[in-house]
Amino acid sequence: MALAGEDFCIVAADTRQSDGYHINCRYAPKAHQLSDKTVIGTSGFYADGLNFVKKIKQRMEWYFHQHDKTMSTTAIAQLISIMLYQKRFFPYYVFCVIGGIDENGKGCVYSYDSVGNAERVQYQAAGSGNELLQPFLDSQIGLKNRSNENETLNLTEEMAIKIVKDAFSSVTERDIHTGDCVEIYIIRKDGVECQKYPLKRD
Amino acid sequence: MNYPNPFADAIDYQRMEQHYDQEALDSLNAISPMTRTQQPIVTGTSVLAVKYKDGIMMTTDCLASYGSLARFRNVERMLKVGDSTIIGASGDISDFQYITYLMDKLMTKEYNANNGQPLAPENIYEYLSQVMYQRRNKFDPLWNALVVGGFQDGKSFLGYVNLRGTTYQSETIATGYGAYIAQPLLRNAVEKRNGEPLTEEEAKKLLDDCMRVLFYRDARSLNKLQRATVTAAGVNISEPYSLETEWAFAENIRGYGA
Amino acid sequence: MITFFLVLLQSGNEYNGGAVVAMVGKDCVAIASDKRFGLELLTLATDFEKIFKMNDKCYIGLAGLATDVQTLSEELKLKCDLYKLREEREITPKKFAHLVSSTLYDHRWGPYFCEPCIAGLDENNKPFICSTDLIGCINFAKDFVVCGTTARELYGICESFWEPDLGPEELFEVISQSLLNAFDRDSKSGWGAVVHIITPEKIITRHLKTRQD
């Protein structure tokens, strides 16, 4: 899942890799840092995700050598959409979200389906627990169904991290594919920090 | 009792040949996909591996089954690649032999390059996982679950890759039936040590205990196994050996397990 | 016609859509549902309540195929009334749960496509909730139960929002927010909601205005 604040962004993913009812590995990272302004989270078919991220990094390096600058988050967002759609008839089975800082220094999140349909959003959940997570984010970050319509959210980093931890602890209770550990990437103007937070291992 | 015949498709194909003329057969081949490589034929069962103090320890048994038939009983399912890597294979044996050929080709190329930079276990693992992933993308997978173990420059490496190109690295790895039966025992043994690595003797006993349980419960296993270690001293694959087993009346046994 | 029956067999529970949730509080329970009635993705009515009163201290919510919801609610009400005539007392929620379970299991091989949630207070005013599947397997829960096409969304959000010992008004807020935010992410439920809070003294029923899309 990913969520954007005013001048920061958070991308969080659990680290369980499962195959049906079987847990392959308790630490197999699904979130990857692409640049010092962008992080991607992938769920779905792990091998596709890994190779997709590898291809993105390759394209980013080519871009770097051609233009002598790192790709911006919005450019990466567009690239991902195109790369996914290029495999329209044999798609990468991945559901990704990217989070980062855009050209204006604002936090941004892009979410995709497996064939490249893209949307810029404020927050997004993806993967096996997305139905369980999304309504919670709607309520806590989207401020949906509040009686005071003028209520505004001044999302601080501490609040955001707390929401992420709460959300993952709850999903771990009910989704068998989520658990073990959550990696929280915090993307700020001056770089990326990764925090780890243990989840239930059952 | 009818066991599924792995060649059932081929037999049906022959039958078709008797009924259809060549032209009809060609048009049939044009529309139906090739299915020859889409099931395993001669198979190996579990591979178990753990990290321990000095490197990696891995075990397999020596059986290659043909359906339920214990067809080849002296097969080595572990492959030494270079001086610091070992590959253990479960799944289709002929596909594993093709992987053996690939590794041989790769190491010959490395020898000729003679650049003084031997391939690290990580490099071999990456190569293998890309081969496996590309074959699944061609819908013609190599029907294996492979475990790559290595020890180089004081670091141990243990990784898994399967027919779909799915990969992970872990302290303990078990494939096939071992994933269900041995993996909990392995994880339990490693996790209760709180980061303190297993000694060689402990690792040996742990893997032997797991292989014994597997021999009791996995009908496609054999009590003739090999143990390999990858350490600073290099790769060592043992001669086949057997475990002590107990088949007497279970009068005094309470509960399950080793 | 054949297609219709195939649809029923495969996804009778998803044909009309709906969401029901029940929660335990401190000396009170709450049960809430949406009000949509539709045929697959077409909404036909927005006043279809899925919660039925069996007596003052026992409510049942039925999510699933609307025709079965109506039939089953009538059948259960009949059985409750007959129980009252015969025993000269009200049925307790726990007994009622077993009544529901056996009624559903009577139709083991041609089931009602209904998932019930039951909420009530027992003879000592102790809160009781449970849910069953469409053939009567009971799930007793200490916190909350959910059912309907919105079940997954409800599980996620209730797991975050619910906490022990909520008073009636707090419980109302929690169950309402859970239900509203959950069914806004489900195209097959929503269009208004109704919440009942059952306390030893009274029943509070509130109808919620929600977004109509």
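The values are calculated or read from the model by the stated rules, or taken from the named source; none is laboratory data. It should be emphasised that the depicted structure is a prediction, and the values quoted were computed from it without experimental measurement. With ideal geometry, Cβ positions are generated from the backbone for all residues, glycine too; neighbour counts draw on all protein chains shown. With ligands, DNA and RNA removed, areas are computed over all heavy atoms of the protein, side chains included. Shrake-Rupley method; radii C 1.70, N 1.55, O 1.52, S 1.80 Å.
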>> Just to be sure I follow the definition: excluding the sites themselves, where is the longest run in chain A that has none of the chymotrypsin sites (Phe, Trp or Tyr not before Pro) in a DSSP loop with at most 10 other Cβ atoms within 10 Å?
In response: A:90-202
>> Eigenvalues of the Cα gyration tensor times 5, then square-rooted: what semi-axes does that give for region B:42-240, in whole angstrom, largest first?
In response: 24, 22, 15
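Per DSSP H run of n ≥ 4, the term is -39500 (n - 2.57); total these for chain A, divide by its residue number, and report the mean residue ellipticity at 222 nm rounded to 500 deg cm²/dmol.
My calculation for chain A gives -10500 deg cm²/dmol from helical runs alone.
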> How are the C-alpha pair distances of chain A spread across 5 Å bins, as whole percents from the shortest bin up?
Replying inline: 1, 8, 16, 21, 20, 17, 10, 5, 2, 0, 0
>> Can you give the FRET efficiency to the nearest 0.05 for residue B:247 and residue B:68, using r as the Cβ-Cβ distance and R₀ = 22 Å?
In response: 0.60
>> Let's see if you can work this out: charge +1 on each Lys and Arg Cβ, -1 on each Asp and Glu Cβ, no other charges. What is the dipole magnitude of the protein assembly as shown about its Cα centre, in debye to the nearest 20?
In response: 640 debye
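Past the 20 Å Cα-Cα mark, which pairs from A:162/B:192; C:53/C:188; A:55/B:105; C:126/C:202? Kindly include the intermediate steps, with their values, before the conclusion.
Values: A:162/B:192 30 Å; C:53/C:188 24 Å; A:55/B:105 26 Å; C:126/C:202 14 Å.
Violating the 20 Å Cα-Cα cut-off are A:162/B:192; C:53/C:188; A:55/B:105.
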> Of B:155/B:204; B:80/B:109; C:57/C:84; A:37/B:51; A:54/A:196, which pairs sit farther than 25 Å apart, going by alpha carbon to alpha carbon?
Replying inline: A:37/B:51
> Taking a ≥ b ≥ c as the square roots of the eigenvalues of the Cα gyration tensor of region C:146-213, is the shape rounded (a/c under 1.5), prolate (a/b larger than b/c) or oblate?
Replying inline: oblate
> For region C:25-206, what log10 I(q)/I(0) values come out of the Debye formula at q = 0.12 1/Å, with one point per alpha carbon and no solvent?
Replying inline: -0.52
> Once phi is turned into θ = phi - 60°, what whole-Hz ³J(HN,Hα) does the Karplus curve with 6.51, -1.76 and 1.60 give for every residue of region C:56-68, x standing for Gly and Pro?
Replying inline: 4, 10, 8, 10, 10, x, 10, 9, x, 5, 4, 4, 6
>> At 222 nm, what value in deg cm²/dmol follows for chain C if DSSP H runs of at least 4 each add -39500 (n - 2.57) and the sum is divided by all its residues, to the nearest 500?
In response: -11500 deg cm²/dmol
> At the nearest 100 Å², what buried accessible area, both sides summed, do you get for C and A when the probe is 1.4 Å?
Replying inline: 1500 Å²
> Rounded to the nearest 20 Debye, what is the dipole magnitude of region A:2-198 about its Cα centre when Lys and Arg each give +1 and Asp and Glu each give -1 at the C-beta?
Replying inline: 560 debye
> Considering region A:152-202, what Rg and Dmax in Å follow from its alpha-carbon atoms?
Replying inline: 12.6, 38
> With heavy atoms of protein chains only and a 1.4 Å probe, what residues of region A:128-157 have at least 50 Å² less accessible area in the full set of chains than alone?
Replying inline: A:131, A:132, A:135, A:136, A:145
> Taking a 1.4 Å probe, which of A:201, B:73 shows the most accessible area, and what order do the others take after it?
Replying inline: B:73, A:201
> Say a site is exposed when it is one of the trypsin sites (Lys or Arg not before Pro), sits in a DSSP loop, and has at most 14 other Cβ atoms within 10 Å; what is then the longest site-free stretch of chain C?
Replying inline: C:27-88
> Roughly how large, in nm² to one decimal, is the mean projection of the convex hull of the alpha-carbon atoms in region C:35-75?
Replying inline: 3.0 nm²
> To the nearest 10 square angstrom, what accessible area does residue A:111 show with a 1.4 Å probe?
Replying inline: 20 Å²
> If you place +1 on the Cβ of every Lys and Arg and -1 on the Cβ of every Asp and Glu, how big does the dipole about the Cα centre of chain C come out, in debye to the nearest 20?
Replying inline: 280 debye
>> Please compute the per residue accessible area over region C:78-156 with all protein chains in place, 1.4 Å probe, rounded to a whole number of Å².
In response: 50 Å²
> In sequence order, what are the phi-derived ³J(HN,Hα) couplings for region C:15-21 according to the Karplus relation 6.51 cos²θ - 1.76 cosθ + 1.60 with θ = phi - 60°, rounded to whole Hz, with x for glycine and proline?
Replying inline: 6, 9, x, x, 9, 9, 9
> Put simply, what bits of region C:166-213 lose 50 Å² or more of accessible area when the other protein chains are there, versus the chain on its own (1.4 Å probe)?
Replying inline: C:181, C:185
> Taking the Cα atoms of region B:144-213 alone, what are Rg (to one decimal) and Dmax (as a whole number) in Å?
Replying inline: 12.6, 35
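To one decimal place, what orientation-averaged projected area in nm² is obtained for the convex hull of the Cα set of region B:75-149?
Numbers: hull surface 19.6 nm².
Reported value for the Cα convex hull: 4.9 nm².
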> Over the C-alpha atoms of region B:34-135, what are the Rg and the largest Cα-to-Cα span, Dmax, in Å?
Replying inline: 15.1, 47
> In terms of the Cα gyration tensor, with a ≥ b ≥ c the square roots of its eigenvalues, is region B:180-258 rounded because a/c is under 1.5, prolate because a/b exceeds b/c, or oblate?
Replying inline: oblate
> With every protein chain in place, what's the accessible area of residue A:152 (1.4 Å probe, Å², nearest 10)?
Replying inline: 120 Å²
> Carbon and sulfur atoms: what percent of the 1.4 Å accessible area of region A:2-198 do they account for?
Replying inline: 47 percent
> Which listed residue (A:91, B:250, A:74) has the Cα farthest towards the positive end of the charge dipole for the protein assembly as shown, taking +1 on Lys and Arg C-beta and -1 on Asp and Glu C-beta about the Cα centre?
Replying inline: B:250
>> Name the residue from C:197, C:177, C:208 whose Cα lies farthest towards the positive end of the charge dipole of region C:166-210, charges +1 on Cβ of Lys and Arg and -1 on Cβ of Asp and Glu.
In response: C:208
>> Within 10 Å of each candidate Cβ there may be at most 15 other Cβ atoms; applying that plus a DSSP loop requirement, which GluC sites (Glu not before Pro) in region A:148-202 survive?
In response: A:149, A:151
> What are the extents of the Cα atoms of the protein assembly as shown along their three principal axes, listed from largest to smallest and rounded to whole Å?
Replying inline: 88, 71, 66
